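Scroll down for the structure; my scribbles are underneath it.
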Amino acid sequence: IEKHEQDGLTLVRFSVHPRHDRKDLSIRCEAPVVARRRITNSGGESERRYIIKTPILLAGVSWDIELTLTRRSTMRFPMLLGRSAMKSRLLVDPQLSYQCGKMLAEESSTSKRKTK
């Protein structure tokens, strides 16, 4: 995560790995910084993270969320969707999985190749 200034605006550059199993695939991104906050992770450790605003698309519905940036390469999930992002939009039932469907990795990489 690299912070820089442009036209008086604070921006961050970061890489997203769309396939957790392919470290060689990387998408370079840039976004304005909304804030920087101290976040405590599930292990109880605290760190200051950059916050960006980005759209999310889930089950055909899109809305803006605030997203904290941190290195997740050693973690099981590449992204966590927090309570604030789900508030008044989603209901979590821990008994269920893949209620919006599960895109196969092969389908995902095939469709990305076709759109380039």
Task: Close pairs (6 angstrom Cβ cut-off, 6 or more residues apart or separate chains): within 17 Å of Glu2 (Cβ to Cβ) in the stretch 25-41, part of a loop (DSSP other than H, G, I, E, B) and open to solvent by 60 Å² or more (accessible area, probe 1.4 Å) anywhere - done: Ser26/His17
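Yes or no, residue by residue, for (1) more than 13 Å from the chain's Cα centre (by Cα); (2) surrounded by 13 or more Cβ atoms within 10 Å (Cβ to Cβ):
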{"site": "Lys23", "(1), (2)": "yes, no"}
{"site": "Arg48", "(1), (2)": "yes, no"}
{"site": "Asp64", "(1), (2)": "no, no"}
{"site": "Leu67", "(1), (2)": "no, yes"}
{"site": "Thr74", "(1), (2)": "yes, no"}
{"site": "Leu81", "(1), (2)": "no, yes"}
{"site": "Ser88", "(1), (2)": "yes, no"}
{"site": "Leu91", "(1), (2)": "yes, no"}
{"site": "Pro94", "(1), (2)": "yes, no"}
TODO: Consider Ser42 carefully, then state whether it is out of contact with any Pro (no Cβ under 9 Å at 6 or more places or on another chain), modelled with pLDDT under 95, loosely packed, with under 14 Cβ neighbours inside 10 Å and not hydrophobic (A, V, I, L, M, F, W, C).
DONE: yes
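The values are calculated or read from the model by the stated rules, or taken from the named source; none is laboratory data. Here the structure is a predicted model, which is why all the values come from computation and not from measurement. Heads up, the Cβs are rebuilt from the backbone with ideal geometry, glycines too, and the neighbour counts pull from every protein chain shown. Heavy atoms of the whole protein, side chains included, go into the accessibility calculation; ligands, DNA and RNA do not. Shrake-Rupley method; radii C 1.70, N 1.55, O 1.52, S 1.80 Å.
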